[in-house]
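What follows is a single structure, written as structure tokens, with notes after it.
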Amino acid sequence: MTGKLEFIDLKSQYAALKDRIAERMQRVLDHGQYIMGPEVAELEQRLAALTGAKHCITVASGTEALLIALMALDLKPGDEVVTTPFTFAATAEMIVLLGFVPVFADIEPDTCNLDAALIEAKITPRTRAIMPVSLYGQCADMDAIDAIAARHGLAVIEDAAQSFGASYKGRKSGNLSTFGCTSFFPSKPLGCYGDGGAVFTNDDALAQAAREIRVHGQSARYTHTRVGVGGRMDTLQCAVVLAKLERFEWEIAQRKALGARYAELLTDVPGVGLLGLRPDRDCVWAQYTVFVERRAAVQAALQAQGIPTAVHYPRPVHHQAAYARYADASDCPHSVSAGERVLSLPMSADLSADDQRRVVAALAGALAPRR
Ligand SMILES: Cc1ncc(COP(=O)(O)O)c(C=O)c1O
């Protein structure tokens, strides 16, 4: 019960899958097709089947997935994309990088996901797309967002970097809108051992565009029909993800059970606010995030007991220097407030019940009023 805990325990996962990972990687080293080898198509088929999407296109990272999806939509400079400011910067970053304008709508204060009820007020004649983020592993209200998009003729890109494996009304995250984009960053619910990501869509033309953009816009070798990027996922990284799929269903079930146990243990701890969960969807807990006051002191107290924590994210994107010009600082107050209070606790499929109790006891101690 003592010693330092891992924030995300990738070592236990590796120990469980070591032989499968070695076998899979060895096969790539033997055939030598390091770029666009057979594992790429194999992984794309497996992930398409897992999500139910017609097309899966693996790409170099979650950031690249967002970039390629946005490029495939063929927007014009100055076109607007409505999104949440309470996310990792990559969401807004790709919008700005392409010369589009991020328009921030606030989050639901309890789930921290884009509030569908606030989107329509942000739509202008320049709006072309909505980009919700399924934060912490729980989908945003995608049906409500898709309905708004349909009314206004907009595309929807789900940033599913944190929610691969999650379900929404019986359907899978990544396959809930025009495009779904995920990340295989090592700490994500499904991770590789470097950078990787994937784009999902049911639209044949958009899938073709994404496939071409991934390889410098080529529709055939040295035939550049559109502007693209070098955005492929390495064959070796695809092999790692294929090996990890062996116990992915177990890991997802485990993550959900760990989330439920954290909630049960934390219910009676004064000073801890739990993330709101909607009954029509689940959460795969990319991070197990709670709300606390006096966060820095709480983090220091936990750290002193060998319990690492993290903050996802301390400041919303519109409070970052690079994006401040796209909104007033006073906009999106729920995002600002969440940024001051969110705290992520250790979470990974191999976390033990004893370690969870240790985390909760330490948190309760840190929050107890001092005499
Ligand atoms: C919400 C969100 N979007 C995008 C990304 C970018 O993914 P990657 O790190 O694979 O580029 C991340 C990863 O941290 C993320 O959490």
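The values are calculated or read from the model by the stated rules, or taken from the named source; none is laboratory data. None of these values were measured; they are calculated from a predicted model. Don't worry about glycine lacking a Cβ; one is built from the backbone with ideal geometry, like all the others, and counts go over all protein chains shown. Please note that ligands, DNA and RNA were not included when accessible areas were found on the heavy atoms of the full protein model with its side chains. Shrake-Rupley method; radii C 1.70, N 1.55, O 1.52, S 1.80 Å.
Quick notes on this structure:
- Residue in the stretch 167-189 that is of a type in the set (Val, Ile, Thr), near the ligand (Cβ under 10 Å from one of its atoms) and either touching a residue at least 12 places away in the same chain (Cβ under 8 Å) or at positive phi (or both) present: yes
- For the condition without any contact (Cβ under 8 Å) to a residue 60 or more places away in the chain, of a type in the set (S, T, N, Q) and at negative phi, Thr223 qualifies.
- Every test in (1) within 10 Å of the ligand (Cβ to nearest atom); (2) buried (at least 19 other Cβ atoms within 10 Å of the Cβ) is passed by Ala89 save one, and that test is (2).
- Spans of helices (runs of 4 or more DSSP H) in the stretch 9-111 with at least 2 residues in contact with a strand residue (DSSP E or B) (Cβ under 8 Å, 6 or more places away or on another chain) and over 20 Å from Arg211 (Cα atoms): 90-97
- Of everything in the stretch 264-287 that is without any contact (Cβ under 8 Å) to a residue 40 or more places away in the chain and part of a loop (DSSP other than H, G, I, E, B), the residue that is nearest to Gln162 (Cα to Cα) is Pro279.
- Which listed residue is open to solvent by 10 Å² or more (accessible area, probe 1.4 Å), away from the ligand (no atom under 11 Å from the Cβ) and over 29 Å from Ser187 (Cα atoms), from Glu108, Glu120: Glu120
- Condition met for Ile123 (over 23 Å from the mean Cα position of the chain (by Cα) and of a type outside the set (Lys, Arg)): yes
- The stretch 288-331: number of residues that are within 16 Å of the ligand (Cβ to nearest atom) and either in a loop (DSSP other than H, G, I, E, B) or open to solvent by 30 Å² or more (accessible area, probe 1.4 Å) (or both): 9
- Subset tally (residues that are within 20 Å of Leu236 (Cβ to Cβ) and surrounded by 22 or more Cβ atoms within 10 Å (Cβ to Cβ)) for the stretch 153-188: 5
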